[in-house]
Amino acid sequence: MLLVHASHGKEDSERATLPLVFANNAALAGEEVVVLLTTEAVWLATEGGAEGVHREGLPPVADVMRELIDGGGQVWACQSCTKPRDITDEQLVKGARIGTSMEVVELFARGASSITF
């Protein structure tokens, strides 16, 4: 299990894209992967939130996220970060969900590896 932590959104398109590209490649390689979106990155999981987030030379964030989810990767928007932004599960793209800190702790307790961008 691999946990990929992403904390950047529209304010830094390169840092928003790279963790998703990394996670997508891991999923394509057959790894079980969860992307944990925190702080400004939680907006990327909302309907339309990733549209237009694109760094030249890299694929658009919306495309990479859709490929990741369609390929079996998971996208969790941090509950502690969505709550003050009034983001609910109903606002998230299909296949993404709000994840709790306890769920992250459980992943680590089961031996998940982590990388942060």
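A few comments on the model shown:
- Which label in (i) 84; (ii) 139; (iii) 111 gives the computed volume of the Cα convex hull per residue in Å³: (i)
- Of all the options 84, 19, 59, the one that moves most in a Gaussian network model of the chain with Cα springs shorter than 10 angstrom is 84.
- Long-range HN-HN contacts of residue 33 with modeled amide H, under 5 Å: 2, 74
- Pair residue 67, residue 102: separation of 7 Å Cα→Cβ label points (nm): 3.6
- Rounded to whole Hz, the Karplus (6.51, -1.76, 1.60) HN-Hα couplings of the range 93-104, x for glycine and proline: 5, 4, x, 9, 8, 7, x, 9, 5, 5, 5, 5
- Under 5 Å between amide hydrogens, built in the peptide plane, is the criterion, and for residue 9 it picks out 41 among residues at least 5 positions away or on other chains.
- Structure-based [θ]222 nm, the chain - -39500 (n - 2.57) summed over DSSP H runs of at least 4, per residue, nearest 500: -9500 deg cm²/dmol
- Each peptide among 41-49, 96-104, 29-37 gets the average number of other Cβ atoms lying within 10 Å of its residues, and from highest to lowest they stand as 41-49, 29-37, 96-104.
Values quoted throughout were computed directly from the atomic coordinates according to the rules given, and no laboratory measurement underlies them. Owing to the predicted nature of the structure, the values given are computational and were not obtained by experimental measurement. With ideal geometry, Cβ positions are generated from the backbone for all residues, glycine too; neighbour counts draw on all protein chains shown.
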